[in-house]
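Everything on this sheet refers to the single structure shown next.
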Amino acid sequence: MTTPNSNFYSVAAIKEMEANHLAAHPKISLMQRAGEAVAEMALDMLKQKKAKTILVMAGPGNNGGDAWVAAEALRKAKKSVTVLALGEKRWTEPVAKDAYATFNANGGAVVKAWPRSAEFAVVIDGLFGTGLSKPPTGAFADAIRLCNAQRAENRCVVIAIDVPSGLNADTGVAYEPTIIADRTLTFVGAKPGLFTHDGKDFAGLVNIETLDIEPPDSLASLLTRDDARRLIPKRRANSHKGNYGSIGVVGGAEGMTGAAILAARAALHMGPGKVFLGLFDKDRPSFDLLHPEIMVRDAKLLVKDHHMSAFAIGMGMGETGAASLLALLSLNKPTLVDADALNVVAKNPSIRAAFEAKKAENTRPFLPFVLTPHPGEAAGLLGCSIAQVQMDRPSTATRLAQDFACVVVLKGAGSIIAHPDGRYVINTTGNAGMASGGMGDALAGMIAALMAMGLDTWDAARLGVYLHGAAGDAALHHGMGPHGLTASEVIFEARTLLNSELDDHHNDATEED
């Protein structure tokens with residue numbers, strides 16, 4: 001049932017695949033298979049409920065056609081099924097017409113408004129599919145709100161057909177209102193909107209029914225545990241600290257040294273040979289009391305040290321570090337640019353010009369840098385609003401990667417790691433407890449440490465992002481969140497997971513049946 005790969009496809013690409021498949025196999029009904037798969041999922045979920053009633057919400061388009069096929073399959077299985085039929089039917093597939101006619105001919109219950117006096121164990125959302133590009137209105141909006149209210153009171157579980165009604169399948173933007181699903185059964189291949197931005201809150205657990213269509217290769221995919229495990233660096237018995245690189249963490253202006261210290265501590269727990277912490281604060285401590293292994297230096301001197309294997313710059317830097325960022329650009333070492341350093345790039349034309357010059361003179365396929373903006377910082381780099389960034393996170397991440405010729409991590413729910421060649425992955429780990437101060441600093445230190453240990457920027461960013469989120473999930477599992485989860489706790493969990501090769505805990509967003 002579940003696709004063997006984790007590639008993403010746009011709605012347009014999915015429609016093209018379906019059309020090609022139907023052209024090659026004209027006697028096959030994809031709608032029949034889709035509806036039956038939905039019914040199978042509903043029957044499975046019904047086993048866990050005391051009540052055995054099902055409400056199928058059928059909209060006017062092909063998503064509604066899938067819903068009618070599911071309803072008839074459930075009726076034939078002798079289940080108590082009611083169909084909430086909304087809108088004028090626009091589906092033309094014979095299987096939908098047959099399911100509709102057979103359901104009605106056999107006394108199936110059909111209503112035009114939500115039956116408020118009835119209780120349903122399972123609600124199947126077949127109102128709108130992947131074609132929706134505006135907020136639901138009228139009776140559709142009313143049904144979505146009533147469904148969400150009943151789910152919130154634990155009176156039902158909700159299955160979304162292909163995509164929760166109201167959610168943009170390409171971007172993850174949830175219009176008002178949008179179905180909140182416990183499970184989403186999506187067809188042919190994964191859609192990016194199910195795994196990033198609002199999709200993380202509305203799609204629930206996602207299953208992928210391929211309908212026996214073999215999807216082609218894609219530039220976009222899920223970042224899974226297996227992907228991350230393959231990237232974990234190995235350590236030889238016959239080795240020394242010089243084999244694992246030196247990292248320079250640069251930041252920490254007056255009153256903001258904690259951010260850089262957190263990044264350095266996170267780096268230390270990834271396993272590099274040596275960790276240097278360069279602070280801008282003139283009253284900087286001489287060493288880290290908690291971790292004296294970290295060597296503290298003057299930030300302005302550290303950025304000129306060509307012995308470093310990799311750098312991270314920006315955490316708590318303030319607006320004073322433009323010259324230091326320029327110095328790092330000239331070194332051309334693997335460098336992670338985060339936080340205040342990103343704001344310096346956005347506001348300082350000379351820094352932006354230096355990036356452009358570095359792109360022009362660079363002999364590698366792309367620059368050895370990783371940019372790690374949150375949506376606000378991404379908006380600053382692109383000269384647009386945060387809302388515009390969030391309206392299409394995949395496009396934002398890939399545009400930044402191409403503009404700066406480097407790897408970009410667009411942070412947020414379903415963080416996106418983008419490569420300048422157009423590839424991108426969406427992370428499957430992390431939770432709401434990680435919305436707290438210092439988490440981004442810890443991530444910066446982790447990724448930069450992995451670069452110092454020899455991983456290229458693409459691999460280091462993918463492993464670091466996955467590991468960071470998985471550590472947050474492990475902390476949640478151990479009762480440390482979601483309320484009050486700290487970046488320091490995530491750092492220690494990350495080291496444990498790294499050494500167990502991610503075996504102890506994982507939270508991939510798709511499920512294999």
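Annotations
- When the stretch 368-422 is filtered for residues that are open to solvent by 10 Å² or more (accessible area, probe 1.4 Å), among the charged types (D, E, K, R) and more than 21 Å from residue 456 (Cβ to Cβ), the ones remaining, listed by number, are 377, 392, 399.
- Of the numbered criteria (1) open to solvent by 10 Å² or more (accessible area, probe 1.4 Å); (2) of a type outside the set (A, V, I, L, M); (3) part of a loop (DSSP other than H, G, I, E, B); (4) without any contact (Cβ under 8 Å) to a residue 40 or more places away in the chain, the one residue 365 fails is (4).
- Selection count where residues are assigned to a helix (DSSP H, G or I), open to solvent by 20 Å² or more (accessible area, probe 1.4 Å) and either β-branched (Val, Ile, Thr) or more than 30 Å from residue 236 (Cα to Cα) (or both), scope the stretch 435-494: 3
- Residue match in the stretch 258-274 (condition: within 26 Å of residue 342 (Cβ to Cβ), surrounded by fewer than 19 Cβ atoms within 10 Å (Cβ to Cβ), under 30 Å from the mean Cα position of the chain (by Cα) and not polar (S, T, N, Q)): yes
- Among the criteria (1) open to solvent by 10 Å² or more (accessible area, probe 1.4 Å); (2) under 24 Å from residue 460 (Cβ atoms); (3) under 19 Å from the mean Cα position of the chain (by Cα), the one residue 242 does not fulfil is (3).
- Verdict on residue 414 being in a loop (DSSP other than H, G, I, E, B) and touching a Phe, Trp or Tyr at 6+ places or on another chain (Cβ under 8 Å): yes
- Any hit, the stretch 189-209, residues being open to solvent by less than 40 Å² (accessible area, probe 1.4 Å), within 17 Å of residue 39 (Cβ to Cβ) and touching a helix residue (DSSP H, G or I) at 6+ places or on another chain (Cβ under 8 Å): yes
- Scanning the stretch 368-399 for residues that are outside any loop (DSSP other than H, G, I, E, B), closer than 20 Å to residue 311 by Cα and of a type outside the set (A, V, I, L, M) yields 369, 377.
- Criterion (without any contact (Cβ under 8 Å) to a residue 24 or more places away in the chain and in a helix (DSSP H, G or I)) met by exactly one of 71, 101: 101
- Residue check, residue 66 surrounded by fewer than 21 Cβ atoms within 10 Å (Cβ to Cβ), in a helix (DSSP H, G or I) and not aliphatic (A, V, I, L, M): no
- Among helices (runs of 4 or more DSSP H) entirely within the stretch 182-284, having at least 1 residues that are at pLDDT 95 or above and within 30 Å of residue 299 (Cα to Cα) singles out 257-268.
- For the stretch 110-142, the set of residues classified as among the acidic types (Asp, Glu) and out of contact with any strand residue (DSSP E or B) (no Cβ under 6 Å at 6 or more places or on another chain) consists of 119, 142, listed by residue number.
- Within the stretch 7-20, residues that are farther than 16 Å from residue 206 by Cα sit with their Cβ atoms under 9 Å from residues that are aromatic (Phe, Trp, Tyr), at 6+ positions apart or across chains, in these pairs: 14/187; 17/9; 18/187.
- Test for residue 37: is it within 22 Å of residue 204 (Cβ to Cβ), under 29 Å from the mean Cα position of the chain (by Cα) and crowded, with 24+ Cβ neighbours inside 10 Å: no
- Verdict on residue 27 being part of a helix (DSSP H, G or I) and either small (Gly, Ala, Ser) or without any contact (Cβ under 8 Å) to a residue 60 or more places away in the chain (or both): no
- Yes/no for residue 512 being open to solvent by 10 Å² or more (accessible area, probe 1.4 Å), on the phi > 0 side of the Ramachandran plot, at pLDDT below 95 and part of a loop (DSSP other than H, G, I, E, B): no
- Filtered residue count, the stretch 30-51, keeping only those that are outside any loop (DSSP other than H, G, I, E, B) and in contact (Cβ under 8 Å) with a residue 60 or more places away in the chain: 12
- Among the residues of the stretch 86-109, those identified as among the hydroxyl-bearing types (Ser, Thr, Tyr) and either over 39 Å from the mean Cα position of the chain (by Cα) or open to solvent by 90 Å² or more (accessible area, probe 1.4 Å) (or both) are 92, 102.
- Every condition in (1) free of Cβ contacts under 8 Å to residues at least 60 places away in the same chain; (2) open to solvent by less than 60 Å² (accessible area, probe 1.4 Å); (3) not in a strand (DSSP E or B) is met by residue 116 except one, and the failing one is (2).
- Within the stretch 154-181, the set of residues being open to solvent by less than 10 Å² (accessible area, probe 1.4 Å), part of a loop (DSSP other than H, G, I, E, B) and under 23 Å from residue 223 (Cβ atoms) comprises 163, 164, 169, 172, 181.
The values are calculated or read from the model by the stated rules, or taken from the named source; none is laboratory data. Just so we're clear, the structure is a prediction, and the values are computed from it rather than from any experiment. Glycine also receives a Cβ, built like all others from the backbone with ideal geometry; neighbour counts cover every protein chain displayed. To get the accessible areas, we keep the full protein, side chains included, count just its heavy atoms, and leave off ligands, DNA and RNA. Shrake-Rupley method; radii C 1.70, N 1.55, O 1.52, S 1.80 Å.
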